[in-house]
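To start, the structure itself, in structure tokens.
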Amino acid sequence: MKNSPKMLYYFSILILAVFFMSLTATSALAFTDVNANAWYAETVEAMAAENLLSGYPDGSFRPESTISAAEFVAITARCADLTPISGQTSHWAANIMEAALRANWYDWDELPPTGEKFDQPIPRKLAVKVLMRALLPEIQGDYNKQSQKIRDFSELNGRYYEPVLAAYEAGIVSGDSNGCFRPESGLRRCEACVLFRQALKVTKNVPKAPTEQQFSPQPVQTLGDGVSKNGWLQVKGTQLCNEQGQPVALRGMSSHGIQWFSQFTGPQAIQNTAQYGANVFRVAMYTAENGYLSNPSDMQQKVIQAVDAAIACDMYVIIDWHILSDGNPMDHVSEAETFFSTMAQRYQNSPNVLYEICNEPNGNVSWSGDVKPYAQRIIQAIRTQSPQALILIGSPTWSQDIHLAAADPLEQSNLMYTFHFYAGTHGKDLQKRLLDALNLNLPVFVSEWGVSRADGSGGVFLPESAAWLDLLDQHGISWCAWSLCDKNESSAALLPGTPPDQPWSDQNFTQAGAFLFFRFSYGR
Ligand code: IDC
């Protein structure tokens, strides 16, 4: 057949058409709704090519929609290669959110693991915080230089200064056309992609700071469960372990003073607490304030009832010699000796029982002159009866001076040092002290802490409390919270009038209680 010019013409058009079709097919497009000419197309495509974006089941990406908190965290998790941990709801992102929370990318109150904020738009301030903590925690922003670049800086909550200034410093964020950051606004999905891409670029250029191994070790995976599974407890290094040598963390409640609130140390109240996942209960037997010193046999009886109730629930139970206004434990050392030797004899075959020999030494009292020699005598009294018993030792300044114990510890084994804090009063300084003590190999047990101020009232301070508990979890540290009672003070877990001898529901809890009871089995 002879080629006519007309046929050649049609033929070349066909070839061209096929060529262009193949072009569009290769350059496009991971998503049906990302236009190749859009300003963000290149970024979105590049991220999709690296499997960092998955889009929606219908093949769309919805670049103009506002990105939700769960979506933002999930993409960040892919960028940071974060391994999910079993989450607390059936939300599609629950496992990722759990891992992100525990990695400290954000705080409990910002995106509670219970999921109510997962599908809400993530505000820009929080998005930037998540991004910087996940990908570039080592970058710091110069306050004076960077804050000047942000026209609406006064609208930024101080909680977000650090990550936002760092993001400006690194050139990841530059503000809108008016020079505003708009901390409370949401982000479009396409804008979020640009943020991710920028951060990933910077990551490649930032040499990784040497990790401060001692301050950020891998979180210790600890077992919960009760005595039937874990048996006699033992201390290995700084870690509480079960009879088989596996790391364990006890979590539960402290009673209030049993001279006032023994109705909440009965079988039903303790069982209620165990049912929410607590595996330890602390029996606070005051010595002064109409406690043991004024009424030894009655108080001892109350202790026994509470201990037996906890044992019946397969829990560990701490017998606490609750000195408080009587700040020097040496003042009543012989009474303590008698009491502990009686208890240790009675419970010598029971792996459930732990002995806390002096709640909170305070006032004019020294570690090496008072508390340490006191501990030596009481350890002897207990171990004569119950050689394997785990014993908890306090320190001056209401059991905050663990640095003194760390510098001059007792020689005996199977001891832990108690460390007390109240989230509304104590923060970074005491947290540093805790980490320092761990670094010096001091085994620490938080036998009392509260979500309130140190006077048992005020607040509640839930973000601060969550930060504390996250730190304890990170280091596999056990805790009991003050207190299981219905007194009208903010540290109390139960609303006034809660029946001690009936099962409880969530309606019985104060804000403190709702938070604490939820944390017993957190991450387990
Ligand atoms: C508080 C109680 C409060 C009581 C007071 C004195 O919450 O109702 O009136 O004791 O008995 C501690 C103590 C603990 C305190 C608690 C809160 O161990 O007995 O309980 N706290 O102040 N150390 C630091 C704080």
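Values quoted throughout were computed directly from the atomic coordinates according to the rules given, and no laboratory measurement underlies them. The structure displayed is predicted, hence computed values, not measured ones. Here the Cβ positions follow ideal geometry from the backbone for every residue, glycine too, while neighbour counts run over all protein chains shown.
Could you give the radius of gyration (one decimal) and Dmax (whole number) of the Cα atoms in the stretch 154-193, in Å?
Considering the stretch 154-193 through its Cα atoms, Rg and Dmax are 10.4, 27 Å.
By how many nm would the segment from Gln412 to Ser147 lengthen if fully extended, with 0.36 nm per residue of separation less the alpha-carbon distance? Mind showing how you got there, number by number?
Working: separation 265, 0.36 × 265 = 95.40 nm, distance 5.41 nm.
That works out to 90.0 nm of additional length.
Over the Cα atoms of the chain, Rg to Rh with Kirkwood Rh, two decimal places? Numbers along the way, then the final one.
Details: Rg = 29.3 Å, Rh = 25.9 Å.
The Rg/Rh ratio comes out at 1.13.
Shape call for the stretch 374-505 from the C-alpha gyration tensor, a ≥ b ≥ c root eigenvalues: rounded (a/c under 1.5), prolate (a/b greater than b/c) or oblate? Working shown, then result.
Working: a/c = 2.30, a/b = 1.41, b/c = 1.63.
Oblate is the answer for the stretch 374-505, as a/c is 1.5 or above yet b/c matches or exceeds a/b.
Evaluate E = 1/(1 + (r/R0)^6) for Gln388 and Thr83, where r is the Cβ-Cβ distance and R0 equals 41 Å; express this FRET efficiency to the nearest 0.05.
Computed FRET efficiency for Gln388 and Thr83 comes out at 0.65.
For the stretch 450-493, what log10 I(q)/I(0) values come out of the Debye formula at q = 0.18 1/Å, with one point per alpha carbon and no solvent?
Here the Debye-derived log intensity ratios amount to -0.53.
5 Å is the cut-off here: which amide hydrogens, built 1.01 Å from N in the peptide plane, fall below it relative to Leu156, excluding neighbours closer than 5 in sequence?
Amide H neighbours of Leu156: none.
Using the structure shown, select from Lys129/Lys149; Lys117/Lys428; Lys125/Lys149; Lys129/Lys428 the pairs with a Cα to Cα distance greater than 23 angstrom. Mind dumping the intermediate values first?
Values: Lys129/Lys149 18 Å; Lys117/Lys428 27 Å; Lys125/Lys149 15 Å; Lys129/Lys428 19 Å.
Correct reply: Lys117/Lys428.
Let's test the formula: R0 of 45 Å, r as the Cβ-Cβ distance of Glu155 and Thr342. What FRET efficiency results, to the nearest 0.05? Write out the running numbers ahead of the final one.
Values: r = 63 Å, r/R0 = 1.40.
Efficiency for this residue pair is about 0.10.
Enter the Cα centre distance for the pair the stretch 447-524 and the stretch 46-102, rounded to the nearest angstrom.
32
Provide, in order from the shortest bin, the percent of all Cα-Cα pairs of the stretch 129-265 in each 10 Å bin, continuing until the bin that contains the maximum pair distance.
10, 26, 18, 15, 19, 11, 1
Using the Kirkwood radius over C-alpha pairs as Rh, can you work out the diffusion coefficient of the stretch 51-144 via Stokes-Einstein at 20 °C, viscosity 1.002 mPa s, in µm² per second?
Values: Rh = 13.8 Å.
Value of D from the Cα-based Kirkwood radius: 155 µm²/s.
Only bridges with both residues in the chain count here: give the DSSP antiparallel percent, nearest 5.
Values: 7 of 38 bridges.
About 20 percent, rounded to the nearest 5.
With charges set only on the Cβ (+1 for Lys and Arg, -1 for Asp and Glu), what does the dipole of the chain come to about its Cα centre, in debye to the nearest 20?
Details: 37 positive and 52 negative charges, 379 e Å.
Computed charge dipole of the chain: roughly 1820 debye.
Any lysines with Cα under 24 Å of the Lys302 Cα? List them, leaving off those in the same chain fewer than 8 positions away.
Lys487
If you average 1/r over every pair of different alpha-carbon atoms in the stretch 285-372 and take one over that average, what Kirkwood value in Å do you get? Intermediate results must be reported in sequence, preceding the final value.
Details: mean 1/r = 0.0739 Å⁻¹.
For the stretch 285-372, inverting the mean 1/r across all distinct Cα pairs yields 13.5 Å.
Starting from the amide H of Ala284, placed 1.01 Å from N in the peptide plane, find each other amide H under 5 Å away whose residue is 5 or more places distant or on another chain.
The list, which skips near neighbours in sequence, is Ser255, Ile258.
What is the extension gain from Ser521 to Leu495, computed as 0.36 nm multiplied by their sequence separation minus the C-alpha to C-alpha distance, in nm to one decimal? Each step should come with its number before you reach the end.
Details: separation 26, 0.36 × 26 = 9.36 nm, distance 2.17 nm.
Once the chain is fully extended between Ser521 and Leu495, it gains 7.2 nm.
Give me a comma-separated list of calculated 3J(HN,Hα) values for the stretch 425-435, in order, Karplus coefficients 6.51, -1.76, 1.60 applied at θ = phi - 60°, integers in Hz, x for any Gly or Pro.
So the J values, rounded to whole Hz, are 10, 10, x, 3, 4, 6, 5, 4, 4, 4, 5.
Can you tell me which aspartates and glutamates have their Cα less than 17 Å from the Cα of Lys201? Leave out same-chain residues fewer than eight positions away.
Cross-link targets: Glu42, Glu45, Glu50, Asp81, Glu138, Glu169, Glu191.
Net charge near Thr222: determine it from the other residues with C-beta under 15 Å of the C-beta of Thr222, scoring Lys and Arg +1 and Asp and Glu -1.
Numbers: positive: Arg102, Lys229, Lys236, Arg251, Arg519, Arg524; negative: Asp225, Glu243, Asp470, Asp473.
Around Thr222, the charge tally is +2.
At 0.36 nm per residue, and after removing the present C-alpha to C-alpha distance, how many nm does the segment from Gln244 to Asp455 gain when stretched out fully? Write out the running numbers ahead of the final one.
Details: separation 211, 0.36 × 211 = 75.96 nm, distance 3.95 nm.
Separation in residues times 0.36 nm, less the Cα-Cα distance, equals 72.0 nm.
Would you mind getting me the FRET efficiency between Ser334 and Ser185? Use the beta-carbon distance for r and R0 = 41 Å, nearest 0.05.
Between Ser334 and Ser185 the formula returns 0.05.
For Val173, list long-range residues whose amide hydrogen, built 1.01 Å from N in the peptide plane, is under 5 Å from its own amide hydrogen.
Answer set, sorted by chain and number: Tyr168.
Let me check I've understood the local charge: for Asp314, count other residues with C-beta under 13 angstrom from its C-beta, Lys and Arg +1, Asp and Glu -1. What total comes out? Could you put the intermediate results ahead of the total?
Values: positive: Lys229; negative: Asp225, Asp308.
Charge balance in the 13 Å sphere: -1.
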